[in-house]
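Okay, so here's the structure we're looking at.
The values are calculated or read from the model by the stated rules, or taken from the named source; none is laboratory data. What you see is a predicted model; the values in this text were computed from it and never measured. Neighbour counts run over all protein chains shown; Cβ positions are idealised from the backbone, glycine included. In case anyone asks, the SASA skips ligands and DNA or RNA and just uses the protein heavy atoms, side chains included. Shrake-Rupley method; radii C 1.70, N 1.55, O 1.52, S 1.80 Å.
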Amino acid sequence: MVISGVAATGALALAGAPLIREHLLGALVMVALLAIAAELLLIRYPLRPEYNDRGVWLSVSTPIVIAVMLVYGAQFGVWLDALTTLVAGAVMVPSRATHPRWVAINTFQSVLSASGAGIATTAVFNPESGVWSLQSLGALMLGLATYMLINAVLMSITVALAEGVRARWVLAQTVLSLPRDVALMTPISFLAMAALQAYGAVGLLGVLAPYLALRQAFVLARRQQELYHQTIRSLGFLVQRAHPYTGGHLQRVSLWARRVAEKLGLPPDRCELVYEAALLHDLGKTVLDERILNKPARLAPEEWAEIRKHPQLGAEILRDTPFLAPIIPWIAMHHERPDGAGYPFGLKGEQIPVEARVIAVVDAFDAMIGGEAPNQRRPHKRPLTLDEAIAELERGAGTQFDAQVVQVFTKVVQDWRRKREAGANT
Amino acid sequence: MQGAWWAFGITVASIAALAYYAFVVLPARIHRWRCEGLRAFARLIELRTQGRYANAESMAELASAVAQRLGVPLHERRRMELAVYLRDIGMVAIPYPVLNKQTPFTPAERELIARHAEISASITEQIPGLWQVAPIVRLHHVVYSEQSDAPLSAHILSALDDWLRIAESADADTASSVLKQGAGARYHPMVVQAILGEIHQRTLGNLQALTRSAALWL
């Protein structure tokens with residue numbers, strides 16, 4: 001944050017104050033007011049749905065900033081962007097929509113991105129050639145792309161530092177959507193530029209309608225992603241309700257599973273899916289008779305047969321939900337064993353997807369240390385300690401559990417324990 | 001200057017396309033996504049009750065058609081469709097032995113089952129962004145004479161749920177006559193009319209399709 005702060009201040013100083021030119025003062029105020037209004041309609045961009053009150057913003061005032069740059073000069077644009085982000089952020093702080101630290105981070109980021117875009121546009125755009133030209137269109141697109149690219153790089157670094165997500169993943173997601181975003185923003189930006197040129201700042205009012213459409217598109221695109229998470233969390237909530245897990249079993253299993261998947265080198269989006277599959281791995285139990293699930297005594301063979309249906313029932317519940325299709329096999333196979341003694345299909349080794357093997361190990365581990373439902377603990381046995389549980393996993397490696405997964409998971413647990421002890425000592 | 005007009009035309013056209021995408025295409029797609037996600041909830045109850053409750057697919061489609069007849073606006077119709085998928089999710093909290101009982105229910109059990117609407121609504125309220133659907137879910141067994149001011153979509157679900165259930169256990173004609181008898185008392189009269197109209201039209205359509213295929217076959 002300090003580094004980006006210094007860099008941003010430097011960039012602002014380098015750009016110089018545009019306010020010296022008095023005839024532009026009125027225009028700046030007008031444009032800034034509009035842009036602040038736009039910014040307040042912005043879309044926050046928390047990477048994990050758990051964090052709703054913080055995160056990096058996806059600003060939709062960018063097209064206006066770039067248009068302003070082409071018409072009034074790059075320095076004007078940089079100052080405008082800095083000002084709007086800062087003021088809009090400051091307005092949001094009292095309503096607890098964000099935290100001052102995030103306002104600062106976002107402001108620094110926007111200054112740096114705007115400076116980059118300014119340099120890029122001035123390099124290719126000659127003001128003599130006028131607004132209605134291919135050159136101005138090209139400069140506009142270049143400016144938008146530069147702005148968003150720099151913003152993406154900074155954002156991925158910030159988010160990676162703050163939320164522990166891998167920077168490469170965030171960057172990849174942003175870069176992938178870059179062509180779409182530029183295509184969506186260019187018409188608005190072009191219109192804003194033309195309006196600014198012809199009617200001055202007042203002309204921007206004419207851009208309002210398309211601007212709102214653009215914003216709507218972004219909000220909905222974002223919503224689509226949220227829906228996915230909402231569905232999963234709501235289903236997870238139902239599992240928890242139906243089945244008396246001791247506190248946080250599902251959360252722990254999901255977090256561990258994601259960590260192991262990351263260590264196994266699975267692609268980041270797959271790791272997220274593993275997290276979600278782990279949250280839902282016992283979804284099928286919501287269908288079963290709770291008299292069996294809650295039975296404190298040892299289960300009869302036919303009751304075990306009922307319980308053993310739950311992986312397939314879980315898969316059956318999700319059958320008609322196409323966007324959860326990738327996790328269905330993992331849920332169906334999370335009780336398979338590498339030696340073929342598992343259920344429901346009795347698959348062996350590589351026939352079981354690695355994600356299902358991960359969930360199997362982590363689920364068993366958490367059950368051993370006492371996180372599982374009371375009746376599924378072996379009767380009259382106390383929960384194991386971490387070391388005992390790891391030893392148990394290692395004993396089962398290659399037969400009950402996947403050997404490679406056990407190896408990686410052991411490392412993950414030991415890392416976690418080291419960190420926890422270091423935390424306790426300080 | 002000709003270049004300028006071209007640029008202007010392209011800008012306006014692309015903004016129109018953007019607006020269409022943002023206000024028509026995307027909301028419809030999002031609604032479909034929502035329904036697909038909530039289908040899992042309906043499926044869960046279907047499995048838990050061995051198919052006795054929460055048969056959502058046909059109900060969602062029929063309810064939407066009936067609502068369209070009654071002039072219910074699109075956003076309300078969409079909410080109602082979501083309510084169809086969520087209406088019986090409260091059954092997760094009703095004991096399994098009661099749900100899967102083979103003999104008729106005792107009054108106490110009936111009362112227990114009746115609580116599912118309230119539980120479904122409270123689960124719906126906990127799903128972010130679905131609080132507006134909760135009132136419809138809560139009232140999906142509403143009785144017209146007791147609560148005539150309930151949302152129209154709740155009245156539609158109430159009547160349609162009974163129609164589908166009776167049509168499945170007996171036949172469509174019996175179901176329609178039960179609705180007709182209950183119009184104004186148990187069911188909203190306008191809703192009954194719309195449902196019967198829709199059913200009538202569908203049977204006619206089916207008959208026509210049948211004759212057409214028979215004619216082709218001959």
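Tally Lys and Arg at +1 and Asp and Glu at -1 over the other residues with C-beta under 12 Å from the C-beta of B:VAL98: what net charge comes out?
The answer is +2.
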What is the packing order of peptides A:249-260, A:264-275, taking the mean over residues of other C-beta atoms within 10 Å and listing the highest first? A:249-260, A:264-275
Averaged per residue, the 1.4 Å probe accessible area of chain B, protein heavy atoms only, in Å², is roughly 51 Å²
With each pseudo-label sitting 7 Å past Cα toward Cβ, what's the B:LYS101-B:GLU118 distance in nm, one decimal? 1.8 nm
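For A:GLN414, what is the net charge nearby, where nearby means another residue's Cβ is under 15 Å from its Cβ and Lys, Arg count +1, Asp, Glu -1?
Every neighbour counted, the sum reads +2.
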What do you get for the angle between helix B:172-182 and the principal long axis of chain B? Use alpha-carbon atoms, 0 to 90 degrees, nearest ten. 80 degrees
Need one number: buried accessible surface between chains B and A, 1.4 Å probe, both sides summed, DNA, RNA and ligands left out, in Å² to 100. 3600 Å²
Lysines with Cα under 21 Å of A:LYS295, excluding same-chain neighbours fewer than 8 positions away: A:LYS285, A:LYS309, A:LYS381, B:LYS101
Using 0.36 nm times the number of residues separating A:ILE119 and A:VAL202, minus their current alpha carbon distance, what extension gain do you get? 27.2 nm
Karplus-derived 3J(HN,Hα) from phi for region B:13-28 (6.51 cos²θ - 1.76 cosθ + 1.60, θ = phi - 60°), whole Hz, x at Gly and Pro, runs 5, 6, 5, 4, 4, 4, 5, 4, 4, 6, 9, 10, 5, 4, x, 5
Using a 1.4 Å probe on the heavy atoms of the protein chains only, list every residue of region B:14-35 that has 30 Å² or more less accessible area in the complete assembly than in its chain alone. B:ILE15, B:LEU18, B:ALA22, B:PHE23, B:LEU26, B:ILE30, B:TRP33, B:ARG34
In nm, the gap between the two label points placed 7 Å beyond Cα toward Cβ at B:THR174 and B:GLU57 is 2.5 nm
Could you work out the local net charge near A:ALA424, counting Lys and Arg as +1, Asp and Glu as -1, over the other residues with Cβ closer than 13 Å to its Cβ? +3
Given a 1.4 Å probe and every protein chain left where it sits, what share in percent of the accessible area of region B:2-217 is carbon and sulfur? 59 percent
Tell me, what is the per residue accessible area of region A:243-425 in Å², probe radius 1.4 Å? 45 Å²
Non-local amide H neighbours of B:TYR187 (under 5 Å, H modeled in plane, Pro and chain starts lacking H): which ones? B:TYR144
